[in-house]
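The values are calculated or read from the model by the stated rules, or taken from the named source; none is laboratory data. Here the structure is a predicted model, which is why all the values come from computation and not from measurement. Here the Cβ positions follow ideal geometry from the backbone for every residue, glycine too, while neighbour counts run over all protein chains shown. Areas reflect the complete protein model, heavy atoms only, side chains present, ligands, DNA and RNA absent. Shrake-Rupley method; radii C 1.70, N 1.55, O 1.52, S 1.80 Å.
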Amino acid sequence: MKKLHTLLFSASLLMGVAAHAQLKVEIAGVGSNQIPVAVAAFADESVAPDQVSAIIRADLERSGVFRVIDARQTISDTANVDLSAFKASGADALVVGSVQRLADGRFQVRYKLMDTVKQAQLSQLSDAVSARNTRLEGHRIADDIYEKLTGVRGIFSTRITYVKQDPAARDYKLVVADADGEGEQVAAHGREPIISPSWSPDGTKVAYVSFELRKPVIYVQNLVTGQRTIVANEKGNNSAPAWSPDGTKLALALSKTGNTQVWIVNADGSGLRRVSNSNGIDTEPQFSGDGQSIYFTSDRSGGPQIYKMSVNGGQATRVTFHGNYNISPRISPDGKTLAWISQREGGFSLYAMDLASGQEQRLADGATEPSFSPNGKYIMYATKGGGRTALAVVSVDGRVKQRLSTQAGNIREPSWGPFMK
């Protein structure tokens, strides 16, 4: 029996490193009322290993929120700029900057965001970063632009995790990458399946299920130290880990007493207690935004539907009523939106529901395994196409869609990481 192999992660790995094989991102669809932004080439940015302005452009374009205009010139953050000329060209904002190599080998990256309408500066940043973190700095600048122009925190500098499978080699890898698919790093790998990765709220750990012991067992992998801990290896199946908002607990699905039920355990594996108690199968638990409730899938009404109950157990309330097959509940970070997979008209589709009004929206077809972005504006999911399983992203309004694919193997089981502190 092959043991699962792990690679040690240092703190710097969480901040971005040189990439291995990358995902290809394809964009389809744009948001309504796009904000026109001109992005100039940064002065002297060729001295850095990554072209910072190109990273910013790609991030803004991928969001679907912006119409990116190429400034067609290099403009330093110290230059006097005729903002009226850019306003006349249709840009509401202008991004300028510079890169300087420092004596210690780091790079000083400076940027300014200018409002061409009000003829004023909106924001600026100046950071000294290592060579391997110049790409991350570009993502950070894009995050700042997104937030200053929309009022919503950007997610370009966040991380994602997913499982990459090579069917021919029977090899499963738990991969961590930038939100744009760059900077792939293998956190764990082995010859037995890996499923259900879930990020801790502080972004330093991933819980997942491995079959390396010839049964599903739940592990927590520390991405900083490489330490791996078993948090659930009970009799029967141990599956579907999900973190509490404060990171102190995990909700699990265990079959130790017969039918699979929802349990809660401390993050170190102690204090296991049962939450649900039905004659059916209760699985796929997810904490509510405030951590006081659990959403889960149950067949107690005959077919799989999504329910909600207190973290202390008790009576459960049914949440989904349309369709006979509703699974994989996910809750937005603000706790206001439920995303899930529904089988209707013979296929699986991604739906989102405003929990206050109960209004549903169909976002994508051929979808499984949804995961919200940390700002709640996008949902990543697995999808099939061209004979392979790939990842896709859709905005919560359904207008913006992306597809992340790879040349070899299947990628699935996505989980979008939190904002890094």
- For LYS235, what charge total do you get from the other residues with a beta carbon under 10 Å from its beta carbon, if Lys and Arg give +1 and Asp and Glu give -1? +1
- Angle between the chain longest axis and helix 134-150 axis [Cα atoms, degrees, rounded to 10]: 90 degrees
- Message: Tell me the carbon and sulfur percent of the accessible area for the range 187-316, rounded to whole percent, probe radius 1.4 Å.
- Response: 44 percent
- Note on the structure: Filtered hits (aspartates and glutamates, Cα-Cα < 16 Å from LYS384, offset >= 8 within chain) -> GLU26, ASP166, ASP365, GLU369, GLU413
- Whole-Hz Karplus ³J(HN,Hα) for the range 35-40, in order, using 6.51 cos²θ - 1.76 cosθ + 1.60 and θ = phi - 60°, x for Gly and Pro? 8, x, 10, 8, 10, 8
- Query: For THR317 and GLN34 in one chain, what is 0.36 nm times their gap in residues minus the Cα-Cα distance, to one decimal in nm?
  - Reply: 97.9 nm
- Hey, with R₀ at 60 Å, roughly what FRET efficiency would ARG344 and GLN124 work out to, going by the Cβ-Cβ distance, to 0.05? 0.75
- Item | Rough spin-label spacing in nm, given labels placed 7 Å along Cα→Cβ, for ALA85 and SER310 | 6.7 nm
- Counting each DSSP H run of 4 or more residues in the chain as -39500 (n - 2.57), what helix-only mean residue ellipticity at 222 nm follows after dividing by all residues, to the nearest 500 deg cm²/dmol? -2500 deg cm²/dmol
- Measuring from the longest principal axis of the C-alpha atoms of the chain, the long axis of helix 52-63 (C-alpha) lies at a number of degrees, nearest 10, equal to 50 degrees
- Item | Computed over the chain, the ratio Rg/Rh where both radii use C-alpha atoms and Rh is Kirkwood | 1.00
- Query: What whole-number value in Å² describes the accessible area per residue of the chain for a 1.4 Å probe?
  - Reply: 42 Å²
- Item | Lysine pair number, Cα distance threshold 17 Å (strictly under), the range 150-280, separation 8 or more or different chains | 6
- In the neighborhood of PHE66, defined by Cβ-to-Cβ distances under 11 Å, what is the net charge if each Lys or Arg adds +1 and each Asp or Glu adds -1? 0
- State the Cα centre-to-centre distance between the range 353-397 and the range 317-343 in whole Å. 11 Å
- Query: Using a 1.4 angstrom probe and counting only protein chains, how large is the accessible area of MET420 in Å², to 10?
  - Reply: 60 Å²
- Query: Amide H of THR260: which non-local residues (sequence gap of 5 or more, or other chain) have their own amide H closer than 5 Å, using H built in the peptide plane?
  - Reply: ASP282
- Item | Heavy-atom SASA rank of ASP354, ASP82 (probe 1.4 Å, accessible area, largest first) | ASP82, ASP354
